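A.B. asks: Below is the structure I would like to discuss, written out as C-alpha cells.
Bear in mind that the values in this text are calculations on the coordinates, not laboratory data. Since we're looking at a predicted model, the values are computed, not measured. For neighbour counting, all protein chains shown are included, and Cβ atoms are generated from backbone atoms with ideal geometry for every residue, glycine included.
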Amino acid sequence: MGQHYLDPVQYLMEKDDTSPIRIEVDCPPQHPDAVGSFRRITFTYADGCQIILDGDDSLKGAPFLEGPKGKVWPKLKSDIPNLDAKLTELPEPLPQQTDFVEAVKLRRPFALNERNGFRSCTIVNLGLVAMRLGRGFRFDPEKLCAVKDPAADKFIYQQMRAPWVM
C-alpha cells in the first residue's frame, strides 16, 4: 500500500521522474528476509525536499513534506503562502485509458502507468533496503543503484533463483 500512499505525494512534489538521493532510517534490527516496524524513514531528494514517514507516531507536529519552499503538515496545513491556490494550479492529468483490457488490445498505456508506478515502488523499496541494513544510504536515481555501498546494492539487485537470470 505504500506505493499508493506515496504516489500522490510524489506527484505533488513533481518527483514523478526521479527518486530520493538519501534514505535515513530509525528502526529496530530487522531480519534480512522480512522487515517489521520502523520509527522513522526520511527520504531526501536532490533539491532538499523530504518525505518523512512516522512509523511510531513519535513525530507529532512534524511536517509530512518539507522542502526549500516550505512545509506541509497533515490535513494540508502549511507555511507555504497560498498553498490552496497553488494546488488548484497543478495541471489535470491528460485523459487516460482506464480499461486495462482495452489498453492491452489497443497497445496503449494504462492509466496507472509503469513509469510513475516504478518511481512510487522505488520509494517503498528504498525504505525496505534501509530497514534491512539497519542504517541509511545514498542512492543514485539515474543509475538506480546505491552510491558506493555494495551492501545496499545486494538488496537492490538481489540474486535471482535458478532458472531465472538477469
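A.B. asks: Considering only DSSP beta bridges whose two residues both sit in region 2-156, what percent are antiparallel, to the nearest 5? Intermediate results must be reported in sequence, preceding the final value.
C.D. replies: Details: 22 of 23 bridges.
So the antiparallel bridges in region 2-156 amount to around 95 percent.
A.B. asks: Taking 8 Å as the Cα distance limit and 6 or more residues as the minimum spacing, I'd like the relative contact order of region 2-156 as a percentage.
C.D. replies: Values: 223 pairs, mean separation 46.7, N = 155.
Once divided by the residue count of region 2-156, the mean separation gives 30 percent.
A.B. asks: Here's a follow-up. Checking the cross-link filter: which lysines have an alpha carbon closer than 19 Å to that of Lys143, excluding same-chain neighbours under 8 positions apart?
C.D. replies: Filter leaves Lys15, Lys154.
A.B. asks: Now, a different point. Give the separation of the Cα centroids, region 47-68 to region 88-121, in Å.
C.D. replies: Here the two parts' Cα centres lie 28 Å apart.
A.B. asks: How big, on average over all directions, is the shadow cast by the Cα convex hull of the chain, in nm²?
C.D. replies: On the way: hull surface 49.3 nm².
For the Cα atoms of the chain, the hull's average projected area reads 12.3 nm².
A.B. asks: Net charge within 15 Å of Gly67 by Cβ-Cβ distance, Lys/Arg positive one each and Asp/Glu negative one each, not counting Gly67 itself?
C.D. replies: Working: positive: Lys15, Arg22, Lys69, Lys71, Lys86; negative: Glu14, Asp47, Glu66, Asp79.
With Lys, Arg at +1 and Asp, Glu at -1, the neighbours total +1.
A.B. asks: How big is the dipole moment of region 2-156 about its Cα centre under a simple scheme where the beta carbon of each Lys and Arg is +1, that of each Asp and Glu is -1, and everything else is neutral? Debye, nearest 20, please.
C.D. replies: Values: 21 positive and 23 negative charges, 54 e Å.
About 260 debye.
A.B. asks: Students often forget the sequence filter, so: which aspartates and glutamates lie under 16 Å Cα-Cα from Lys77 once same-chain residues fewer than 8 apart are removed?
C.D. replies: By straight Cα distance, Lys77 reaches Glu66.
A.B. asks: Go ahead and estimate [θ] at 222 nm for the chain from helices alone: -39,500 (n - 2.57) per DSSP H run with n ≥ 4, summed, over the residue count, rounded to 500. Don't jump to the answer; show the numbers that get you there.
C.D. replies: Details: 5 runs with 52 residues, N = 166.
Computed ellipticity for the chain at 222 nm equals -9500 deg cm²/dmol.
A.B. asks: What are the residues whose amide H is under 5 Å from the amide H of Arg22, where those residues sit 5 or more places off or on another chain and H is modelled from the backbone?
C.D. replies: Thr44, Phe139
A.B. asks: Under the rule that an exposed site lies in a DSSP loop and has at most 13 other Cβ atoms within 10 Å, name the longest stretch of the chain with no chymotrypsin sites (Phe, Trp or Tyr not before Pro) of that kind, not counting the sites themselves. Walk me through the numbers on the way to the answer.
C.D. replies: Details: sites that count: Tyr157, Trp164.
That would be 1-156.
A.B. asks: Zone of His4 (label point 7 Å along Cα→Cβ, backbone N under 18 Å): which residues in region 102-136?
C.D. replies: Hits in region 102-136 for His4 at 18 Å: 111-114, 116-125.
A.B. asks: Report the one residue of Leu94, Ile52, Met166 whose Cα lies farthest in the direction of the positive end of the charge dipole of the chain (charges on C-beta: Lys and Arg +1, Asp and Glu -1; origin at the Cα centre).
C.D. replies: Result: Met166, furthest along the dipole toward the positive end.
A.B. asks: Using θ = phi - 60° and the Karplus form 6.51 cos²θ - 1.76 cosθ + 1.60, what ³J(HN,Hα) does each residue of region 129-145 get, whole Hz, x for Gly and Pro?
C.D. replies: 4, 4, 5, 5, 6, x, 6, x, 7, 9, 9, 9, x, 8, 7, 6, 8
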